[in-house]
Amino acid sequence: MGRKFSIITIGLSPAWDIICWGQGLDWGLHKVIDEQTVQPAGKALNVSKALAWMGQKNIAAGLWGRQEYQQMVDMVRSHWPLIKVKMTSVTATTRQNVTIIDTANDRDMHLRSKSELASKATIKKLKADLQKIVGKNSVCIFAGAMPEDELLDEIVEIVKSCGKRGAKIVLDTSGVALRKIVDTGEVWLIKPNVSELRQLLGEQVKDNPVSLAKAGQKLLEKVKIILISQGKKGAVVISKDSAWQGRCITRRKTLLTVGCGDYLLAGFLKGLKDKPDADFALQTAIKVATARAWGWTDQNSWAASKKGVRVRVEQIRPYRS
């Protein structure tokens, strides 16, 4: 991936993320929470925000409800000025996701509502809008949930269209959508977690670096790079040339799990831009995801945060089975 490229994130089911922090939260209680934040989000926009935090300009595209569109634009411009908003405005309402964090008991709950933004008409409008901004120097990141009915075929056509225009396709989704889009052969990079990798392969895979690397090789005829998130264990990256494992070796309490995978992907892409080496990109990715988990991305700069996260990256051998 060269240095002169534009990164475009594309989300079909974005959301307003509502995060509530409190102590001793449980069923049946009436509690006053300690803090609440409301932000425009969703996997694709989270990647955009992470890139902006690292100083990387990018374009946020996809679908967004017309009624809250200007509110979203104003908030993005205020908090993440390196993001250029090119969302497609549609008549449906953007969903709300609620995360409840019990700080006293170190636990959380994630409540997700169903997105109603995607339809034949809105996807057609999105395709036309993307044709205006996608070119041969683009990296298009399709991230987040996608419909698995007849609308999925329309989305596959959008992916193919971006690929034909010369863009590199990055995919971070799950289920039928992940498998069907990977099967097009247009995808450059995928970022499954261990569960999503198992679903994609249709087999059980042990959650250790060697097993993940060997299993992921089966997909390299269809994709160029596979970045596998292992959550707190770290991540594994696989390409035709090598495989690497990486993890954070600095101990600190996790404050937030929402969006860590999105920050992992953003960090990997930023790492590849700065230095086209998979091991360096993996190191950057884990530092960014860890900073997110520790709550540093809302408090500190990227320059300061990366100095406080120690990461160990090692090559996986033997690689080829």
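Is there a residue being within 22 Å of GLY65 (Cα to Cα), touching a Ser or Thr at 6+ places or on another chain (Cβ under 7 Å), modelled with pLDDT of 95 or more and of a type in the set (Asp, Glu) anywhere in region 186-201? First the steps, then the outcome.
Applying the first criterion (within 22 Å of GLY65 (Cα to Cα)) to region 186-201 yields none.
Scanning region 186-201, I find no residue that is within 22 Å of GLY65 (Cα to Cα), touching a Ser or Thr at 6+ places or on another chain (Cβ under 7 Å), modelled with pLDDT of 95 or more and of a type in the set (Asp, Glu), so the answer is no.
Just to confirm my filter: which strands (runs of 3 or more DSSP E) fall fully inside region 32-95 and include at least 2 residues that are in contact with a strand residue (DSSP E or B) (Cβ under 8 Å, 6 or more places away or on another chain) and of a type in the set (A, V, I, L, M)? If you could, list the steps in order and put the result at the bottom.
Working: elements: 35-41, 58-65, 83-85, 88-90.
Qualifying strands (runs of 3 or more DSSP E): 35-41, 58-65, 83-85.
It is to be established whether one or more residues within region 121-132 are among the basic types (Lys, Arg) and within 17 Å of LYS222 (Cα to Cα).
No, region 121-132 contains no residue that is among the basic types (Lys, Arg) and within 17 Å of LYS222 (Cα to Cα).
Could you grab me the full set of residues in region 112-139 that are touching a Gly at 6+ places or on another chain (Cβ under 8 Å) and either hydrophobic (A, V, I, L, M, F, W, C) or crowded, with 16+ Cβ neighbours inside 10 Å (or both)?
Listed by number, the residues that qualify are LEU117, LEU126, SER138.
So, in region 257-304, how many residues would count as being of a type in the set (S, T, N, Q) and within 17 Å of the chain's Cα centre (by Cα)? Please lay out each step first, then the result.
First, the residues of region 257-304 that are of a type in the set (S, T, N, Q): 257, 283-284, 290, 297, 299-301.
From what is left, the residues that are within 17 Å of the chain's Cα centre (by Cα) are 257, 283-284, 290, 297.
The qualifying residues number 5.
List, please: which pairs have Cβ atoms under 8 Å, are six or more places apart or on different chains, and start with a residue in region 299-312 that is within 14 Å of THR284 (Cβ to Cβ) and end with one that is surrounded by 16 or more Cβ atoms within 10 Å (Cβ to Cβ) and basic (Lys, Arg)?
The qualifying pairs are SER305/LYS287; LYS306/LYS287; VAL309/LYS287; VAL311/ARG247; VAL311/LYS287; ARG312/ARG247.
Go through region 201-221 and give me each residue that's surrounded by fewer than 21 Cβ atoms within 10 Å (Cβ to Cβ) and touching a residue at least 12 places away in the same chain (Cβ under 8 Å).
So the first thing to find is which residues in region 201-221 are surrounded by fewer than 21 Cβ atoms within 10 Å (Cβ to Cβ), and the list is 201-208, 210-211, 214, 217-221.
Those that are surrounded by fewer than 21 Cβ atoms within 10 Å (Cβ to Cβ) and touching a residue at least 12 places away in the same chain (Cβ under 8 Å): LEU201, GLU203, ASP207, VAL210, LYS214, GLN217, LYS218, LEU219, LEU220.
Quick check on LYS124: is it touching a residue at least 24 places away in the same chain (Cβ under 8 Å) and part of a helix (DSSP H, G or I)?
Values: touching a residue at least 24 places away in the same chain (Cβ under 8 Å): yes; part of a helix (DSSP H, G or I): yes.
Yes.
The values are calculated or read from the model by the stated rules, or taken from the named source; none is laboratory data. Source: prediction; values computed, not measured. Positions of Cβ are backbone-derived with ideal geometry, glycine not excepted, and every protein chain shown enters the neighbour counts.
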